[in-house]
Amino acid sequence: MVQSLHYSAFTRRLLANKGASFGLILILVSLLLALLCYFIAPDSSPNANRMIPEIGSRKPGFYTLLLRIKRDKNIPSSNIFSRLLNGTEEAYQYVPVTAYEAKGDSIIYQKYIDEGITERRSIHYSLTGMPAVVQTTYWLGTDKFGRDILSRLLIGVRVSLSVGLIAVLISLTIGILLGALAGYFKGWVDDVIMWFINVVWSIPTLLLVFAITLALGKGFWQVFIAVGLTMWVNVARLVRGQVLAVRELEYVEAARALGYSDLRIIIKHILPNILGPVMVIAAGNFASAIVIEAGLSFLGVGVQPPQPSWGLMIKENYNFIITHNPMLALAPGIAIMLLVLAFNLLGNGLRDALNVRSKI
């Protein structure tokens, strides 16, 4: 009953914080988008990698007619679970056209080549989809390869949240383990762990990430591990300080007097009472992991093409900021800013809600 009252008070304080509520809503929307991105994105091909070079680097709101031509190979049918994870393989080749007309069993169309340049062609109805021509709107424009920016932005949410989640899990696992051992046992155990923490702390974060990435190789999963292995130090220092304070309290002394093992005391009596500060630092680490992943992808050592990553999208399109289409790089930049802001606001809200001196 007491725990439910404490939980109710905590939830009430958290939801009363407008910044935290806004951040929580953004995070929940991001999670929903990450889960359903291939069902929501206009381009549901794997990695939203439908390339149409003729319409590359178009501004937001650009629309065109696309002729759908069947591909030679047979496309295996995919179930809902497969579509949820990887999208649907393209069954058609998309050709931009400026005009078309049906004549008998064929379609006569003007293939778009470049601004003011078209080529007259024809194709049999049996080689096209149903319908043969569709009008497509690119709400955020296209990149230099003619890929839909909105679709790649939506699928990029999955990469950012995945990196943040796994990096935080790795950092919490290592940080809580080492911090709890150092704070509880003190003595030479504390000295050795603190020496190791200080060594890792002295290495610049990006330099350490580069070293781990080069050792593990470039790729999707390697980024998760590299980012996670560089973020545990803050957690370990925080947990050590909390455990040092809690281990001297009466209930821990009582647990020792009852003959409980050190492992049981740490897991069942100490760690549950220091989860508040750990939750706050986890939210901050989540935001940091998103920024680090974007930076790594921007520098070319993170997520590799054609997999969409917000940092990689900025790298591919940042030249357009000073030219005619800045939205190509601004859209993923704004997405990174909003998601990082959401986690920082949630972290601040958690800190305030866990402050027992605040008003209920």
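None of the figures in this text is laboratory data; all of them are computed from the coordinates on show. For clarity, every value in this text was computed on a predicted model and none was experimentally measured. In this analysis, Cβ positions are derived from the backbone assuming ideal geometry, glycine residues included, and neighbour counts consider all displayed protein chains.
Just want the ordering: 124, 269, from fewest to most Cβ atoms lying within 10 Å of their own Cβ.
With the sparsest Cβ surroundings first, the list reads 124, 269.
Could you calculate the contour length gain from residue 80 to residue 355, that is, 0.36 nm times the residue separation minus the distance between their Cα atoms, to one decimal place in nm?
Computed gain between residue 80 and residue 355 is 94.5 nm.
Can you give the local net charge around residue 107? Use residues other than it whose beta-carbon is closer than 12 angstrom to its beta-carbon, Lys and Arg +1, Asp and Glu -1.
Working: positive: 68, 103, 111, 120, 121; negative: 101, 105.
Once positives and negatives cancel, what remains is +3.
Report the charge-dipole magnitude of the stretch 243-346 in Debye, nearest 20, computed about the Cα centre from +1 at each Lys and Arg Cβ and -1 at each Asp and Glu Cβ.
100
Give, as a single signed number, the net charge of other residues whose beta carbon lies under 13 Å from the beta carbon of residue 333, with Lys and Arg counted +1 and Asp and Glu -1.
Around residue 333, the surrounding residues sum to 0.
How much length, in nm to one decimal, is gained on full extension between residue 261 and residue 93, taken as 0.36 nm per residue of separation minus their Cα-Cα distance?
Full-extension gain reported as 53.9 nm.
Return the calculated 222 nm mean residue ellipticity for the chain, to the nearest 500 deg cm²/dmol, obtained by summing -39500 (n - 2.57) across DSSP H runs with n ≥ 4 and dividing by the residue count.
Here the helix-only value at 222 nm equals -19000 deg cm²/dmol.
Lys/Arg Cβ at +1, Asp/Glu Cβ at -1, dipole of the stretch 31-91 taken about the Cα centre: which of 61, 47, 34 is farthest positive-ward?
So the residue we want is 61.
Taking springs between alpha-carbon atoms closer than 10 angstrom, which of 45, 261, 78 fluctuates most in the Gaussian network model of the chain?
Maximum fluctuation in the GNM of the chain, among the listed residues, is at 261.
Would you mind checking which residues have amide H under 5 Å from residue 303's amide H? H placed 1.01 Å from N; only 5 or more apart, or other chain.
Excluding prolines and chain starts, which carry no amide H, the hits are 297.
Under a GNM of the chain (C-alpha, springs under 10 Å), which listed residue has the highest mean-square fluctuation: 135, 304, 93?
Largest GNM mean-square fluctuation: 135.
Suppose every K and R has +1 on its Cβ and every D and E has -1 on its Cβ; what is the size of the dipole of the stretch 60-99 about the Cα centre, in Debye to the nearest 20?
The calculation lands at about 80 debye.
In the chain, what is the volume of the convex hull around the alpha carbon atoms, normalised per residue and reported in Å³?
Measuring per residue, one finds 185 Å³ for the Cα hull of the chain.
I want to check the label-to-label distance for residue 117 and residue 145. Put each point 7 Å from Cα in the C-beta direction and report it in nm to one decimal.
2.3
Given Cβ point charges of +1 (Lys, Arg) and -1 (Asp, Glu) and nothing else, what value in debye, to the nearest 20, does the dipole of the chain about its Cα centre take?
In total the dipole reaches around 480 debye.
Who wins for biggest fluctuation among 111, 144, 103 in a Gaussian network model of the chain, springs between alpha carbons below 10 Å?
Looking only at 111, 144, 103, the largest GNM fluctuation is found for 103.
From the C-alpha gyration tensor of the stretch 49-147, pull out the three semi-axes of the equivalent ellipsoid (sqrt of 5λ each), sorted largest to smallest, in whole Å.
24, 21, 10
Which order do peptides 65-73, 324-332, 18-26 fall in by mean Cβ count within 10 Å, highest first? Numbers along the way, then the final one.
Values: 65-73: 14.9, 324-332: 19.7, 18-26: 16.8.
Packing proxy ranking, top to bottom: 324-332, 18-26, 65-73.
So what's the projected area for the stretch 1-91, the Cα convex hull averaged over all directions, in nm²?
Averaged projected hull area, Cα only: 10.3 nm².
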